[in-house]
Each structure stands twice: as C-alpha cells, then as structure tokens.
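S.K.: One structure is given below, represented as structure tokens, and several questions about it will come after.
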Amino acid sequence: MAKYLKRYIEKEIKEALLTSGVVVAGPKFCGKTTTSKLFSNSTFSLNSKIDIQFAESNPKVILKALTPKLIDEWQTF
C-alpha cells in the first residue's frame, strides 16, 4: 500500500467543515477521495448504476448517515 502524502488542501477542508459542507473537486487521480476519507464519518460510492439506483430509491439512508459524509461519484463523460 502506498504511503499517504499530506496535501495542502487538508487545512482548508478542516476549516470549511467547521461552518458548512465541503465539495472537493479536481482532476482524476489527484487524491480527492483519499483525502476526503480522512474527514468523513460515512462514505457512499456512486460509481455504478446499482449504487445510483440504490441512492435514488433510498435517499434517507444516505441523509441519515453520520456526518461529515463523503458521497463519491465517478464522472463518465
């Protein structure tokens, strides 16, 4: 397993979570999900049709999960 490299954005995420939610955006494979997992208490991956259908049919499950939540999705376009 690769060693995690601390990222500059971590301080900004920590500060933003004190007052609101956070959206982490950037290019593919730059560490957005890995870094976000450090700050989340629940994680939902929406990277397949089955996962998306589950979220659409059971949104309360996601909304009731521990905060902060990581809702991770994979852009296909």
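The values are calculated or read from the model by the stated rules, or taken from the named source; none is laboratory data. Because the structure is predicted, anything quoted here is derived from the model rather than measured. When the accessible area is computed, the model is the full protein with side chains, heavy atoms only, and any ligands, DNA or RNA have been set aside. Shrake-Rupley method; radii C 1.70, N 1.55, O 1.52, S 1.80 Å.
S.K.: What list of ³J(HN,Hα) couplings, whole Hz, do you get for segment 43-49 from phi and the Karplus terms 6.51, -1.76, 1.60, once you set θ to phi - 60° and write x for glycine and proline?
M.R.: Karplus-based 3J(HN,Hα) across segment 43-49 equals 9, 10, 9, 10, 10, 8, 4 Hz.
S.K.: Quick check on the chain: helices-only [θ] at 222 nm, where DSSP H runs of length 4 and up contribute -39,500 (n - 2.57) each and the sum goes over total residues. Nearest 500, please.
M.R.: About -9500 deg cm²/dmol.
S.K.: Still on this structure: Determine ³J(HN,Hα), in whole Hz, for all residues of segment 18-35 in sequence, where each value follows from phi through the Karplus function 6.51 cos²θ - 1.76 cosθ + 1.60 and θ = phi - 60°; x replaces Gly and Pro.
M.R.: 5, 10, 6, x, 9, 10, 9, 10, x, x, 4, 6, 9, x, 4, 5, 4, 5
S.K.: While we're here: Using Cα positions and a limit of under 15 Å, work out the aspartates and glutamates in reach of Lys64, with same-chain residues fewer than 8 apart set aside.
M.R.: Result set, ordered by chain and number: Glu56.
S.K.: If you don't mind, there's one more thing I want to ask. Which cross-chain or sequence-distant (5 or more) residues have an amide H under 5 Å from the amide H of Glu73, H modelled 1.01 Å from N in plane?
M.R.: Leu46
S.K.: If you don't mind, there's one more thing I want to ask. Using a probe radius of 1.4 Å on heavy atoms only, what accessible surface per residue do you get for the chain? Whole Å² is fine.
M.R.: 86 Å²
S.K.: Another question about this same structure. Report, by chain and number, residues whose modeled amide H sits under 5 Å from the one on Gly31, excluding near sequence neighbours (fewer than 5 apart, same chain).
M.R.: Placed amide hydrogens put nothing under 5 Å from Gly31.
S.K.: Sticking with this one: Run the 1.4 Å probe and let me know the accessible area of Val22, rounded to the nearest 10 Å².
M.R.: 60 Å²
S.K.: When the Karplus curve 6.51 cos²θ - 1.76 cosθ + 1.60 is applied with θ = phi - 60°, which whole-Hz ³J(HN,Hα) does each residue of segment 57-63 get, with x for Gly and Pro?
M.R.: Here the 3J(HN,Hα) series is 8, 9, x, 5, 4, 6, 5 Hz.
S.K.: Past 30 Å, Cα to Cα, is the threshold; run Lys37/Lys60; Lys11/Lys49; Lys6/Lys49; Lys6/Lys60; Lys6/Lys69 against it and keep the listed order.
M.R.: Result: Lys11/Lys49; Lys6/Lys49; Lys6/Lys60 exceed 30 Å.
S.K.: Show the residues, 5+ positions off or on another chain, whose built amide H is closer than 5 Å to the amide H of Thr43.
M.R.: Those qualifying (amide H under 5 Å, at least 5 residues apart or on another chain) are Leu70.
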